[in-house]
Structure formats: C-alpha cells, structure tokens
1. Using the 10 angstrom Cβ neighbour count as an exposure proxy, how do THR89, THR42 rank, fewest first?
2. How would you order 143-154, 211-222 from highest to lowest mean count of nearby Cβ atoms within 10 Å?
3. Would you be so kind as to identify which of GLY123, GLY87, PRO30 lies farthest towards the positive end of the dipole of the chain, taking Lys and Arg as +1 and Asp and Glu as -1 on Cβ and the Cα centre as origin?
4. Only one of the values (i) 45, 34, 15; (ii) 30, 25, 18; (iii) 26, 23, 22 was calculated from this structure for semi-axes √(5λ) of the Cα gyration tensor in Å; name its label.
5. Between segment 251-318 and segment 101-151, what is the separation of their alpha carbon centroids in Å?
6. Do the sum for the chain: with -39,500 (n - 2.57) for every DSSP H run of n ≥ 4, divided by all residues, what is the mean residue ellipticity at 222 nm, to the nearest 500 deg cm²/dmol?
7. Less than 19 Å apart at the alpha-carbon level, and either on another chain or at least 8 residues along: which lysines does that give for LYS338?
8. Roughly what angle does helix 9-19 make with the longest principal axis of the chain, taking Cα atoms, 0 to 90 degrees, to the nearest 10?
Amino acid sequence: MEIQENDDSEEFLESIKVDLFPDKVYVFTPNGDIKRLPKGSTCVDFAYAVHTGVGNRCVAAKVDRRLVPLRTQLRNGQTVEVITARGATPNPSWVNFVVTAKARTAIRQFLKTMRRTEAEDLGRRLLDHALGEFQTSVRKLGKKRFSELLGELGVDSTKTLFAQIGLGERLAPLIAKRAAVPEGGHTSSAEADTPLDIIGTEGLVVSYARCCFPLPGDPIIGYLSAGRGIVVHRDDCGNLAQYRKQPEKWISVDWSESIDRAFTVEIRVEVINRVGVLAAVTSQISDLQTNIESVSIDERDGDSSTITFQIHVKSRHHLGKVLRSLMSMPEVLHASRKAA
C-alpha cells in the first residue's frame with residue numbers, strides 16, 4: 001500500500017495539539033487521513049480505531065514504513081499502516097497495553113465469544129466421556145431426553161449446558177448420572193477408566209498449570225476449575241494435595257498421540273560465573289529451535305549462579321535434547337527441569 005507524504009503534517013499537528021486537545025496524539029493513515037487517539041495509544045489501538053475487523057485481524061504494523069511491535073506507542077505526525085491476515089485473531093495479551101475503550105471492549109468481546117465456543121466443544125467432549133460410564137453418549141441420548149434434562153436443570157439450551165460444563169460450572173459426571181438411565185444400573189468400568197484425550201488445541205478452556213509445567217509424555221491429571229475449564233497438572237505436582245478434598249472435580253486425562261504444539265517448561269541451569277556465560281547458554285538453547293519465554297538469575301556465591309529459564313518445547317524428548325546440550329557446555333555445572 002502506497003504511503004502518502006504530507007509536508008505540512010508536523011506544523012498542522014503541533015497547532016491543533018496545543019490549541020485543541022493536548023492530551024491526544026494525531027497520526028496518519030497511509031491514505032493521509034488523520035486519526036486522533038489518546039496519548040499512549042499503540043498500534044493495536046490505531047487498528048481498532050480504523051475498524052473493529054482490522055483490529056481483530058491485525059498481525060503486524062509499520063510506523064513510517066518501518067515494522068514495529070504492535071505494542072509500540074504512537075507519536076504525533078507518524079504514519080501508521082496495519083498489516084492484517086485472514087484467520088488471525090486477537091491476542092489475549094493485548095488487553096494489557098491498549099488504552100482505548102474501543103480496543104479493550106472489542107478484544108474482550110471477541111475472546112469471550114471464542115472462549116464460549118471452545119467451552120461448548122470441550123463440554124460436549126466431557127459429557128460424552130462421562131456418559132461412557134453408562135454405555136451411552138450425547139448422540140444416543142436423543143433430543144427428547146436432552147429437552148427433559150434442560151428443563152430439570154433450568155438451562156435454556158444444550159449449547160449453554162455444554163459451555164457450563166466446559167468452564168467447570170457444572171460437573172459432567174453429575175450431569176451424566178442424571179441424564180442416563182442405565183439398564184439394571186450396570187456401568188462399564190472400561191469406559192469409565194478411559195481418559196479424556198488432551199489434543200493441545202482446546203484453546204482458552206484448557207490450561208496448563210504453571211506450578212508444574214506438564215509436557216506431552218508426563219503422567220497428568222485434570223482439575224475442573226469453575227470459570228477456567230480444565231487445568232492440567234503433572235500427577236506428582238506438589239500443589240495437588242490442597243485439591244484432594246474435591247475428588248468429584250478430578251478427571252482422568254491423557255495426551256493425544258497427534259498433539260503438535262509447544263508447551264512452556266521451566267529449567268534451572270547452574271553455571272560458572274564468567275563473562276558472556278548468559279549469552280552462551282541462551283545461544284545454545286536457541287540453536288535447538290527452542291524459544292525462550294523468560295530468564296531470571298539467582299547468584300548463589302562468587303563462583304557460580306543459577307539461571308532459571310522458561311522455554312517452549314514440544315515434548316519430554318525435546319526437553320531432554322536441550323538439557324543434554326546444555327550439560328555438554330564447559331560453563332554449565334548442572335541443568336535440570338524444575339521439580340513438580
């Protein structure tokens with residue numbers, strides 16, 4: 001898209017900034033149109049000021065023809081171009097830096113809608129899984145039984161019921177017991193013991209506990225948290241003891257064989273104190289196509305320090321490659337995964 005220059009823009013902007021709205025910032029679209037935004041506005045605020053659809057689909061931005069991060073704050077006289085992509089969606093982290101009410105409202109509304117859709121899908125899976133104990137399924141129950149069930153529960157639609165289950169507001173095993181009428185009270189223990197597959201694409205209604213950072217390959221267990229859906233923990237997580245008093249909220253889960261995404265894990269690397277050691281360790285991690293989310297350093301004594309990394313890996317095997325690579329470095333005394 002061609003960016004038009006405006007030789008008088010700076011002088012014009014300075015005059016209106018002082019005389020009319022000193023708490024605003026004035027920027028240009030690529031076509032030369034002026035957008036007035038609150039001071040501190042970012043590229044994302046600009047995108048939503050152009051159109052809600054542009055904001056929802058923006059993936060990058062150029063300021064004065066140069067690519068900049070979307071959180072970049074804008075200054076008077078700049079020309080801003082938003083780059084969009086079909087299928088792109090708002091990032092939940094945007095709400096932490098946008099300043100305009102329009103941007104904040106649009107992002108939250110989109111995420112709320114997306115979360116409900118994901119919750120409905122998960123809720124249906126959870127109820128199907130729970131109904132397996134009674135040798136039936138959502139499909140086999142039929143519309144008539146579902147209509148009766150909705151009336152008993154005071155819920156207006158099956159989608160609402162699924163969303164409530166997916167968000168942990170209702171427990172699938174209790175709903176399944178109420179919905180199903182097993183012949184002679186018989187249940188299939190084989191079906192009941194079958195874990196729910198975690199496929200990694202459930203979105204906002206399945207999260208991974210930051211206390212133990214579960215990875216594909218780890219034995220895991222799911223906790224139904226009201227408003228959050230399923231929170232996946234390693235089954236040896238030290239924080240599980242406080243939840244043991246609510247066994248009805250635990251659900252058996254396992255990793256899908258087809259899972260293909262990166263997960264956050266925390267590792268601790270003990271290194272010899274020497275110039276450039278952090279850069280060397282960081283480079284070693286990056287060379288294995290591993291993204292680093294955060295770094296913190298805890299100096300223990302004058303000779304060594306412990307560096308804590310949160311990195312993105314796809315599996316325990318991938319993590320093992322990273323740790324073995326780090327242990328091969330002469331500067332590294334020890335490298336390990338954070339204990340559960």
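Every number here is computed from the coordinates shown, using simple stated rules; none is lab data. Everything quoted here is computed from the prediction, not taken from an experiment. Using ideal geometry, Cβ is built from the backbone for each residue, glycine included, and neighbour counts are taken over all protein chains shown.
1. Final ranking by Cβ density, sparse to dense: THR89, THR42.
2. Answer by packing, highest mean first, reads 211-222, 143-154.
3. GLY123
4. Answer by label: (i).
5. 36
6. Calculated mean residue ellipticity at 222 nm is -10500 deg cm²/dmol.
7. In chain and number order, the partners are LYS314, LYS321.
8. It works out to around 80 degrees.
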